[in-house]
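Take a look at the structure below.
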Amino acid sequence: MVGEKGGRDAAFFLFLFAVAVLGFGGSLQHPLAVLRAGGFGAAILFLWRRGKEPVPIGPYPLLVGAFVLLAFGHSFSSVYFWVSFQHAVNIALAAVLLAWAFLFFRKDPARSWNAATLAVAAIALVEVGIALLQRFHWGDLRPRGTLDNANFLSEFLAAASILCLSRFLWAKGEGRYRFAWGGGAVLFLVAGFSLGSSRGVFLASVPAFGVVLVCRFGLGKGGALLAGLGAPVLLLLGFRAAGRFFSADLFNYSRWIIWKSALRTFANHPFGVGLGGFKYYWFATQSPVEGGFRRFWKFADTAHNEYLEILTGLGLVGLVLFLAILAYPLLRAFRRRQEVEEDRRPVAAGAAGVLVLSGAHAMVNSNFHVFGIFFLGAGMLGAVLSCLPRDFAKTV
């Protein structure tokens, strides 16, 4: 972000991020209106400023565009048009945020990464404060902060920990500031595991932190650090989350029932029922909880797995496009990791770690339905794209 105009653009981008995370603790309509007006308004203004200037289009924008068009087109054949259409609008907004993040990190990676990490850390501190209030004043055993539930708070704090760790590992000549980043990494990880106690985030943190360590120290040393130090530390800090695996609650593993229901829905409707349509088929496809006093006790709004949610909503084509959008930048970055410029390596490592965290957590939760999480994910995806070698990034 160079110059006054770049600073204003960065400030506006980070303001929308703060709205996405902190603004959804109450009403949904007003913060959603701010996000959509800000995101789409900025995109229109950007295109108007560029005028007739030619812009090269590579394969990745075509993938993203195809997925957005599929989401909009499929909504007209959905079981519930308005629900699917709203999902499609939010997917288009995520595409705008992805492009914006790419430009944000491409201009000045060190300064942009510093601003982004500080913003995430500041918001994470606010979330910790709110969660502590909910825990000790209101008696909520698993506080959620301003997010939808405790699982998503746990993920956001773990992501903040990963970003702080990337700053700590690559800090050079920062002295006490380096230890502040290290302290932030520990604080947010402890808070995420102890307050949210998410089993999914606990498991997803292992490969996520592994990515950062391997990027910094190489496969051999990084893998040894993860196995010898990282995994035991995660287990020690996340003992409360790990303990939830052994709960006697009959509904402790009810996600198996939800996932089987999603697969049955896809088998009956292989071209998809429309985004957000799974919940309307839940009662027809669910299985009973054997041994439960109420065998059909719970209701599932989502498939609790973003990949199954896409599969039931948009069919196999939608899932393939979705996976390609997530995997393409990470695979390209891995294959050309030696060509990544030195000042972009902490950006690539931290962003990739957060993406692995969210992607793994998405296997057991509907985290991309949460605006703070999908905003952060779009930003990290744009950050990884911005770190790719210039000859490739020019066509993004």
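The values are calculated or read from the model by the stated rules, or taken from the named source; none is laboratory data. Since this is a predicted model, take the numbers as computed values, not measurements. Please note: Cβ atoms are built from the backbone with ideal geometry, for glycine as well, and neighbour counts cover all protein chains shown. Remember, those area values only see protein heavy atoms, side chains included, never the ligands or the DNA or RNA. Shrake-Rupley method; radii C 1.70, N 1.55, O 1.52, S 1.80 Å.
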- prompt: Filtering region 296-331 down to residues that are buried (at least 18 other Cβ atoms within 10 Å of the Cβ) and charged (D, E, K, R), which residue is farthest from R106 (Cα to Cα)?
  reply: E309
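I need a count of the residues in region 168-198 that are open to solvent by 30 Å² or more (accessible area, probe 1.4 Å) and assigned to a helix (DSSP H, G or I). If you could, list the steps in order and put the result at the bottom.
Here is the first cut: in region 168-198, the residues open to solvent by 30 Å² or more (accessible area, probe 1.4 Å) are 168, 170, 172-180, 183, 186-187, 190, 194.
Narrowing further to those that are assigned to a helix (DSSP H, G or I): 168, 170, 176-180, 183, 186-187, 190, 194.
Residues that pass the stated criteria total 12.
Could you identify the single residue in A284, A300, A267 that is more than 30 Å from L385 (Cα to Cα), assigned to a helix (DSSP H, G or I), at pLDDT below 90 and more than 18 Å from the chain's Cα centre (by Cα)? Write out each step before concluding.
Values: A300 fails: assigned to a helix (DSSP H, G or I); A267 fails: at pLDDT below 90.
Step by step, each of A284, A300, A267 is checked, and only A284 is more than 30 Å from L385 (Cα to Cα), assigned to a helix (DSSP H, G or I), at pLDDT below 90 and more than 18 Å from the chain's Cα centre (by Cα).
Inspect all residues belonging to region 74-96 and state whether any of them is farther than 28 Å from L321 by Cα, without any contact (Cβ under 8 Å) to a residue 60 or more places away in the chain and assigned to a helix (DSSP H, G or I). Give the steps one after another, and end with the answer.
Applying the first criterion (farther than 28 Å from L321 by Cα) to region 74-96 yields none.
The answer is no; no qualifying residue exists.
When you scan region 68-90, how many residues do you find that are in contact with a Phe, Trp or Tyr (Cβ under 7 Å, 6 or more places away or on another chain) and open to solvent by less than 50 Å² (accessible area, probe 1.4 Å)? It would help to see each step written out before you state the result.
The initial filter retains those residues of region 68-90 that are in contact with a Phe, Trp or Tyr (Cβ under 7 Å, 6 or more places away or on another chain), namely 75, 79-80, 88.
Then drop every residue that is not open to solvent by less than 50 Å² (accessible area, probe 1.4 Å), which leaves 75, 88.
The total comes to 2.
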- line: Picked from region 107-146 (must be surrounded by fewer than 20 Cβ atoms within 10 Å (Cβ to Cβ) and basic (K, R)), the residue modelled with the lowest pLDDT is K107
statement: From the option list G65, G58, single residue qualifying as open to solvent by less than 20 Å² (accessible area, probe 1.4 Å) and closer than 23 Å to V317 by Cα is G58
Candidate set from region 359-396 (those that are of a type in the set (A, V, I, L, M, F, W, C) and over 26 Å from L203 (Cβ atoms)); member that is modelled with the highest pLDDT: L385
query: For region 199-221, how many residues meet the condition of being more than 21 Å from A348 (Cα to Cα) and either open to solvent by 60 Å² or more (accessible area, probe 1.4 Å) or hydroxyl-bearing (S, T, Y) (or both)?
result: 1
- prompt: Taking A119, is it closer than 19 Å to H369 by Cα and of a type in the set (G, A, S)?
  reply: no
